[in-house]
Amino acid sequence: MLDENTDRGNRKRLLVYAQYFISGSLNTKLLENIEIITAKADAETITNLVLSELRCKGLDIKKLVGIGTDGASVMTGRKNGVVQRLREQVPYLVGIHCAAHRCALAASQAAKRIPLLRQYSDTVSNIFFYFSGSALRSNKLREIQLLLNLPTLKYAQVHSVRRLSLQQAVEVLYRTYPALVMALEHEANTNPTRCDPVAKGLYFEVSQFRFIAMTHMLMDILPFLGKLSKVFQSEDLDFSKVKPIVESTCEALQDFVEVEGLYVDKLTTFVIQEEDKVWYRRPEAESQRGVVQEAIDINVDGFKGFPVEMATEDSNESTCDVELKYYSQQRDVLGKIIPEYVGNIQNILEERFKESELLSKMQVLQPNHIVLAHNSGDIARYGNQNVYILAEHFEAQDINKEEASIEYKQYKRLVVGTFPSASFREICHHMDMTYSEVMPNMAKLLKCCIVLPVSSAQCERGFSTQNRIKSRLRTTLNNASINDLMRISEDGSHTDSFDFKMALKMWKEEKNRKIFA
């Protein structure tokens, strides 16, 4: 797994992690945090650094079967990208675009294709910059939040590729919406002789019905993408889990086209028409984190639609009121946006998660697919051709394709008879620990598949570790110290089990220490 980053000392860095399978277990460890000292960090430079590091560590590049990147052109360029250059050394190398990055890009690109959502996203960003750029405005906002018994929250910035940033920003907006409208109205109208044009423009946007309507819609939809992103960042992710979770997410999102989600359903309850005005009136409890999270959990984990009208709030309960503008012109906005937005997300996910021909063939190794073939009475012919192609692709890993094809027939019967409910990682463990002598070629083939890095999220976690170590007050740390401290932080013993006396003894004996002279 590879990824680039700039540290707190404004130094360009390349983080390299190795994923390997040994003793029935899949492991991911830091290989090296490399400082790029050249004037450019192009594909040739990165490739040379990777090859040099592998040689320095005594690792045989011929054992490299896959490489995971963030999808940047310098990494995945078809002619001169890092992956393509490494294929000159290892022709069978499998290049994989990080699943978590693909998910984040899908969320942002789906919104950009709809003008109203693009405008909404710009408004959310402008709200962040408006309040973050002034301590006085932030203080006024905080006072209004306290006055309305709302949580005192800061608005979040929206990043096009930072995972979950839009979801976090929308959730803060939803929980503090009445205070936001009141604060912007106050800033826009406090001094008639010196009207704040930015506040006036933002107030015009957030006081419209479509703004809060799209906020409710996104509160329904974005948690699904957030959950998908978190799954792709988990440490136990392998290729067998990607396609099922993407397909189930697309199917769940389709439900919102047919039946209103919880937050869209709440919107109809909160919007009240009184004479010639329309009010957005909701209980104060709707701003509490627990209430919001409970509604999200119901949507994501137990969504069945909400056809039954929800009970109205207690008339004695405190409410927050906001007057909505242009309700009659915008009341049908969600009926147009939801199908288009959901369709965009589904299309982009399907497009970005199209499996390569090789990865699609690996499905015949998964226990659940083999069991389905057995139940349909087609197990004898199932997967034989695909396994032959896979074995041929990884033939350089000492895999005999003819023998692997024969062993696959035995492997299928073993799965059906002994491990019908095993996950792909579990079957790899059993094959390596128990059946590697009986089916050596199949055991090697499974190892080649399980180590393929479908996500580079570990690199992101590594950069977080790096920035905790090399803080703004420690920018002079040398590269060797950074690598040592990162390994201690990520792979070192817990403080409860660490032998500090032995460490002190070894440190004292390394050389004459003046402190002990």
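The values are calculated or read from the model by the stated rules, or taken from the named source; none is laboratory data. Note that this is a predicted model, so its numbers are computed, not measured. Don't worry about glycine lacking a Cβ; one is built from the backbone with ideal geometry, like all the others, and counts go over all protein chains shown.
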Query raised in the report: Which of (1) surrounded by 14 or more Cβ atoms within 10 Å (Cβ to Cβ); (2) in a helix (DSSP H, G or I) is the odd one out, the single condition Tyr280 does not satisfy?
Result: (2)
Report summary line: Heads up, the strands (runs of 3 or more DSSP E) in the range 1-106 (entirely inside) with at least 3 residues that are touching a helix residue (DSSP H, G or I) at 6+ places or on another chain (Cβ under 7 Å) are 2-6, 12-22, 25-35, 94-97
Requested in this report: Tell me, yes or no, whether the range 39-53 has at least one residue that is crowded, with 19+ Cβ neighbours inside 10 Å and out of contact with any strand residue (DSSP E or B) (no Cβ under 7 Å at 6 or more places or on another chain).
Outcome: yes
Query - Pick from the range 343-366, criterion part of a helix (DSSP H, G or I) and touching a strand residue (DSSP E or B) at 6+ places or on another chain (Cβ under 9 Å), ranking: surrounded by the most Cβ atoms within 10 Å (Cβ to Cβ) - result: Leu359
Requested in this report: Starting from the range 3-26, take each residue that is surrounded by 15 or more Cβ atoms within 10 Å (Cβ to Cβ) and list its partners that are of a type in the set (Asp, Glu), counting only C-beta distances under 6 angstrom and pairs at least six apart or across chains.
Outcome: Asp3/Asp70; Arg11/Glu35; Arg13/Asp7; Arg13/Glu35; Leu14/Glu4; Leu15/Asp3; Val16/Glu32; Gly24/Asp432
Query raised in the report: Based on what the data block shows, is Arg137 assigned to a helix (DSSP H, G or I), buried (at least 21 other Cβ atoms within 10 Å of the Cβ) and among the basic types (Lys, Arg)?
Result: no
Query raised in the report: So which residues in the range 64-88 are loosely packed, with under 14 Cβ neighbours inside 10 Å and either among the polar types (S, T, N, Q) or in contact (Cβ under 8 Å) with a residue 60 or more places away in the chain (or both), if there are any at all?
Result: Ser73, Asn80
**Report entry** Selection from the range 102-160 of residues that are of a type outside the set (A, V, I, L, M, F, W, C), at pLDDT 90 or above and within 23 Å of the chain's Cα centre (by Cα)
**Finding:** Arg113, Arg118, Tyr120, Ser121, Asp122, Ser125, Lys154, Tyr155
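With Tyr280, Tyr263 as the choices, which residue is in contact with a Leu (Cβ under 7 Å, 6 or more places away or on another chain), in the same structural domain as Lys325 (by TED's automatic domain parsing) and not acidic (Asp, Glu)? Walk me through it before giving the result.
Working: Tyr263 fails: in contact with a Leu (Cβ under 7 Å, 6 or more places away or on another chain).
From the options Tyr280, Tyr263, the qualifying one is Tyr280.
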Query raised in the report: Within the range 280-331, how many residues turn out to be in contact with a Pro (Cβ under 8 Å, 6 or more places away or on another chain), of a type in the set (A, V, I, L, M, F, W, C) and modelled with pLDDT under 85?
Result: 3
**Report entry** Residues of the range 107-134 classified as under 23 Å from Met217 (Cβ atoms) and in a loop (DSSP other than H, G, I, E, B), total
**Finding:** 2
Report summary line: Of the residues in the range 462-481 that are assigned to a helix (DSSP H, G or I) and among the polar types (S, T, N, Q), the one that is surrounded by the fewest Cβ atoms within 10 Å (Cβ to Cβ) is Ser464
Query raised in the report: If we scan the range 505-512, do we find a residue that is outside the structural domain of Leu15 (by TED's automatic domain parsing) and either under 30 Å from Val387 (Cβ atoms) or outside any helix (DSSP H, G or I) (or both)?
Result: yes
Query raised in the report: Considering Asp220, Asp255, which residue is charged (D, E, K, R) and buried (at least 22 other Cβ atoms within 10 Å of the Cβ)?
Result: Asp220
Report summary line: Flagged pairs (Cβ under 6 angstrom, 6 or more apart or on separate chains; first in the range 133-157, closer than 21 Å to Gln168 by Cα; second of a type in the set (Lys, Arg) and assigned to a helix (DSSP H, G or I)) are Pro151/Arg175; Thr152/Arg142
Query raised in the report: If a residue has to be among the charged types (D, E, K, R), within 22 Å of Gln109 (Cα to Cα) and in contact with a helix residue (DSSP H, G or I) (Cβ under 8 Å, 6 or more places away or on another chain) to count, how many in the range 206-242 make the cut?
Result: 3
Report task. With the condition kept exactly as written, say whether any residue in the range 141-158 is touching a Phe, Trp or Tyr at 6+ places or on another chain (Cβ under 8 Å), surrounded by 18 or more Cβ atoms within 10 Å (Cβ to Cβ) and closer than 23 Å to Glu340 by Cβ. Result -> yes
Report summary line: By residue number, the members of the range 455-493 that are among the polar types (S, T, N, Q), within 26 Å of Ile67 (Cβ to Cβ) and over 25 Å from the mean Cα position of the chain (by Cα) are Asn479, Asn483
